Amino acid sequence: MRENAAKTSRPPLLVRMHFNPSRAQCGEIETSSIGALKKWALGKISQRTTQLQTDMPSFWDSYFHTRGLRPTARPQERKSGQYASSTVSMLNFTIAASAYLWLLAFLPALVRGAIYESASELPGRHFDFVIVGGGTAGNVIANRLTEDPRFSVLVLEAGPSNIGVLDSEVPGFDSNLIPPGPYNWNYTTVPQEGLNGRSMGYIRGFMLGGTSSLNAMFYTRGPADDFDRFAKVTGDQGWSWNSVQPFMRKNERWTEPTDHHDTRTQFDPRFHSFTGINAVSLSGFPHSYNDRVIQTTKELSEEFPFNLDYNSGNPLGVGWLQATIKDGVRSSSATSYLASKFVDRRNLHVLVNARVTRVRGGRHSKAFDTVDFVFQSGDGPAISVTASKEIVLSAGVFGTPQLLMLSGIGDTNELQGLGVQTIHHLPSVGKNMSDHPGLFNSWSVNATTDEDFFRNGSLFEEAYREWNRSHSGILGDPVATHLGWFRLPSNSSIFSEIGDPASGSTAPHIEMIFTDGLHPPLPTGNFLSIGNAVVTPTSRGWLRLNSTNPFDPPLINPGFLTSGFDVFAMRSVVKMTKRFVGATAWSGWVIGPAGDLAQANSDEEIDDYVRRNSGSTCHAVGTAAMSAVNAPFGVVDPDLRVKGVRGLRVVDASIFPYIPAAHPQVPVYIVAERAADLMKETWD
């Protein structure tokens with residue numbers, strides 16, 4: 001029997017709620033219901049607190065490293081003192097309030113389409129298409145294929161449903177999903193040579209919607225030159241900027257910000273769609289530094305020009321952040337492409353908690369038609385389903401190459417070393433990994449910032465009441481408000497050693513991200529944070545199997561800062577950021593640099609600061625890269641079919657041959673929209 005998603009095993013308190021004035025108000029909720037919900041909430045608070053205390057050390061190491069702020073001890077390790085108690089109390093309060101304040105909310109019934117939690121509920125074991133991964137790309141494929149009632153589609157998602165995950169739904173709570181937890185794959189990199197031997201956690205979404213359900217929601221397409229380079233490298237003009245415009249528009253539905261302010265000076269409607277599926281909007285909450293950012297683009301316009309809309313194909317300059325948010329609520333692939341009107345289709349079947357272990361065909365066959373999976377708990381026997389047309393791997397930049405190798409597709413030498421029988425020698429699997437190294441710089445400021453909302457119980461409760469009442473206010477927005485994209489000067493000394501790695505003259509090398517305060521905040525002080533990233537890195541990494549056990553995470557090596565260009569570019573953007581904050585617009589507002597940044601002045605000091613404090617932006621791509629049909633390298637052809645086999649297609653971030661100079665969420669949506677059209681054409 002098809003199960004309504006409202007009946008999934010998510011906690012009964014955390015169900016999706018939308019403000020509806022016609023519903024009974026909180027004072028009219030029965031006392032017995034409040035008591036039961038409160039008892040459940042307190043139990044979850046205690047459980048989550050224990051988990052946080054267990055996971056806190058590695059998380060805080062990573063958190064403070066990427067901000068150059070280094071407490072004398074990690075919060076868990078300090079048994080007393082203001083730092084530990086305030087920080088942990090803030091996090092615990094956020095969690096407690098997030099649960100308990102649902103009791104004060106309106107409680108309309110949730111109507112949502114069918115999602116299965118047991119294989120016994122499936123209508124059968126044979127489908128036209130089986131999609132491995134209900135993430136950013138997989139849900140797009142599922143939605144578009146089932147527009148044709150002739151196609152039956154099964155989505156296998158390793159994680160749970162996104163329904164009821166409050167931290168995913170509330171934009172202002174997204175930082176709660178950064179520490180290790182049940183909605184994160186909790187990957188860890190191998191020690192990074194370029195980061196002084198540090199390992200770090202790596203965030204990937206482990207729930208329906210994948211990473212679109214826990215990312216920072218930035219809507220960035222990247223430069224036109226990036227897509228034109230994809231077209232050139234693959235020999236397929238269908239990947240060019242002009243050719244993918246219809247897919248951008250099929251994806252995007254522009255919406256008003258939560259405060260409905262006049263946005264004519266903040267974006268250009270000519271470059272946007274108002275009729276797509278996934279919502280996009282601007283910030284609806286004013287921050288204390290917004291005017292100063294814009295004033296700096298006027299004062300230092302030659303180096304930091306204002307860009308009305310960085311999604312025009314030319315992102316260079318500073319512009320207002322666009323984010324995948326609708327009416328103060330995250331818009332993920334799960335909430336948009338699997339909205340109830342879509343997931344209710346009789347030919348669409350979604351099974352959660354289903355961990356795929358391999359794909360296979362007949363004995364020694366390179367025609368793949370079978371997917372084996374077990375339930376995430378590891379209990380019970382393996383289950384097999386078949387796809388009469390195609391298996392689509394949308395398991396992500398780490399999951400897809402891991403599954404390919406577990407299925408005998410990869411480098412023979414590497415597979416044999418683990419005792420995996422090679423079905424097809426494809427040595428590019430797991431290679432070519434690329435990621436944007438990132439760094440947060442902070443300045444002490446003489447102003448009220450976002451930190452005050454998150455460490456003050458009364459202010460937080462007020463902010464949460466506002467969001468729960470109208471989905472507006474500070475919690476209805478992401479933490480950032482502006483992005484800046486820049487190129488290194490053409491006469492930079494590094495270009496005498498290496499060619500320009502950018503895709504063209506309008507493609508940036510580096511990025512700046514403007515945020516109000518630290519998230520989560522320190523117990524005292526107010527800060528301006530500006531993130532930096534190298535968006536055209538030349539460092540390359542790899543992914544390898546750790547064992548033949550599909551439950552063992554793979555070995556992940558992004559290879560951060562192992563090229564001279566990446567170090568040069570990061571040093572350059574730190575200097576640029578200092579010049580930005582040095583504008584007169586910040587006089588009297590900025591007190592001075594905070595943490596390690598205060599001692600990073602010479603090139604050598606900045607390089608040391610960068611290596612000690614940089615981390616990942618979690619934008620990895622390229623581990624199953626596409627290439628021209630006859631190219632001797634690459635994993636998939638321009639139509640995203642795995643080279644040398646039949647019945648397998650890859651649709652996720654792993655297919656990019658070069659990392660987009662953008663936060664990859666939108667490029668992945670674009671790839672998925674085009675892939676769905678390609679698949680329809682194949683089977684029409």
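The values are calculated or read from the model by the stated rules, or taken from the named source; none is laboratory data. These figures come from a predicted structure and were not determined experimentally. Please note: Cβ atoms are built from the backbone with ideal geometry, for glycine as well, and neighbour counts cover all protein chains shown.
What the table below lists for this structure:
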| quantity | calculated |
| --- | --- |
| First in the stretch 177-204 and in contact (Cβ under 8 Å) with a residue 60 or more places away in the chain and farther than 25 Å from residue 562 by Cβ, second anywhere and of a type in the set (Phe, Trp, Tyr) and part of a loop (DSSP other than H, G, I, E, B), Cβ under 9 Å, 6 or more apart | 181/206 |
| Selected residue [assigned to a strand (DSSP E or B), of a type in the set (A, V, I, L, M, F, W, C) and over 30 Å from residue 489 (Cβ atoms)] from 318, 350, 397, 420 | 350 |
| Among (1) under 24 Å from residue 326 (Cα atoms); (2) modelled with pLDDT under 95; (3) not aliphatic (A, V, I, L, M), the one test that residue 456 misses | (1) |
| Any hit, the stretch 220-228, residues being in contact with a helix residue (DSSP H, G or I) (Cβ under 6 Å, 6 or more places away or on another chain) and more than 30 Å from residue 500 (Cα to Cα) | no |
| In the stretch 144-186, residue surrounded by the most Cβ atoms within 10 Å (Cβ to Cβ) [restricted to those that are within 24 Å of residue 126 (Cβ to Cβ) and of a type in the set (Asp, Glu)] | 157 |
| Among the residues listed as 275, 265, 255, the single one being more than 26 Å from the chain's Cα centre (by Cα) and surrounded by fewer than 22 Cβ atoms within 10 Å (Cβ to Cβ) | 265 |
| Qualifying residue in the stretch 481-498 (condition: modelled with pLDDT under 95, within 30 Å of residue 316 (Cβ to Cβ) and buried (at least 22 other Cβ atoms within 10 Å of the Cβ)) | no |
| Which listed residue is surrounded by fewer than 18 Cβ atoms within 10 Å (Cβ to Cβ), over 30 Å from the mean Cα position of the chain (by Cα) and not in a strand (DSSP E or B), from 377, 301 | 301 |
| Checking residue 387 against (1) in a loop (DSSP other than H, G, I, E, B); (2) among the small types (Gly, Ala, Ser); (3) within 21 Å of residue 150 (Cβ to Cβ), the condition it does not meet | (1) |
| Odd one out for residue 143 among (1) modelled with pLDDT of 95 or more; (2) assigned to a loop (DSSP other than H, G, I, E, B) | (2) |
| Qualifying positions in the stretch 331-346 - part of a loop (DSSP other than H, G, I, E, B) and among the hydroxyl-bearing types (Ser, Thr, Tyr) | 331, 332, 337 |
| Residue pairs meeting the criteria (Cβ under 7 Å; at least 6 apart or on separate chains; first more than 24 Å from residue 263 (Cα to Cα), in the stretch 467-496; second crowded, with 16+ Cβ neighbours inside 10 Å and aromatic (Phe, Trp, Tyr)) | 494/565; 494/568 |
| Condition check for residue 504: surrounded by fewer than 21 Cβ atoms within 10 Å (Cβ to Cβ), in contact with a helix residue (DSSP H, G or I) (Cβ under 7 Å, 6 or more places away or on another chain) and not aromatic (Phe, Trp, Tyr) | yes |
| Complete set of residues in the stretch 197-213 that are in contact with a Phe, Trp or Tyr (Cβ under 6 Å, 6 or more places away or on another chain) and part of a loop (DSSP other than H, G, I, E, B) | 204, 206, 207 |
| Residue within the stretch 540-548 that is buried (at least 21 other Cβ atoms within 10 Å of the Cβ) and under 13 Å from residue 436 (Cα atoms) present | yes |
| Matching residues in the stretch 214-244 - criterion: being outside any loop (DSSP other than H, G, I, E, B) and of a type in the set (D, E, K, R) | 225, 226, 228, 229, 232 |
| Number of positions in the stretch 381-421 that are modelled with pLDDT under 95 and under 15 Å from residue 141 (Cβ atoms) | 0 |
| One residue from 562, 506 being more than 28 Å from residue 298 (Cα to Cα) and modelled with pLDDT of 95 or more | 562 |
| Any hit, the stretch 446-461, residues being assigned to a strand (DSSP E or B) and of a type outside the set (Gly, Ala, Ser) | no |
| Residue under evaluation residue 652, criteria (1) out of contact with any helix residue (DSSP H, G or I) (no Cβ under 7 Å at 6 or more places or on another chain); (2) crowded, with 24+ Cβ neighbours inside 10 Å, criterion not met | (1) |
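Yes/no matrix, rows are residues, columns are (1) in contact (Cβ under 8 Å) with a residue 12 or more places away in the chain; (2) surrounded by 24 or more Cβ atoms within 10 Å (Cβ to Cβ); (3) under 19 Å from residue 648 (Cα atoms):
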site: 400; (1), (2), (3): yes, yes, yes
site: 405; (1), (2), (3): yes, yes, yes
site: 416; (1), (2), (3): no, no, no
site: 421; (1), (2), (3): yes, no, yes
site: 426; (1), (2), (3): yes, yes, yes
site: 433; (1), (2), (3): yes, yes, no
site: 436; (1), (2), (3): yes, yes, no
site: 447; (1), (2), (3): yes, no, no
site: 452; (1), (2), (3): yes, no, no
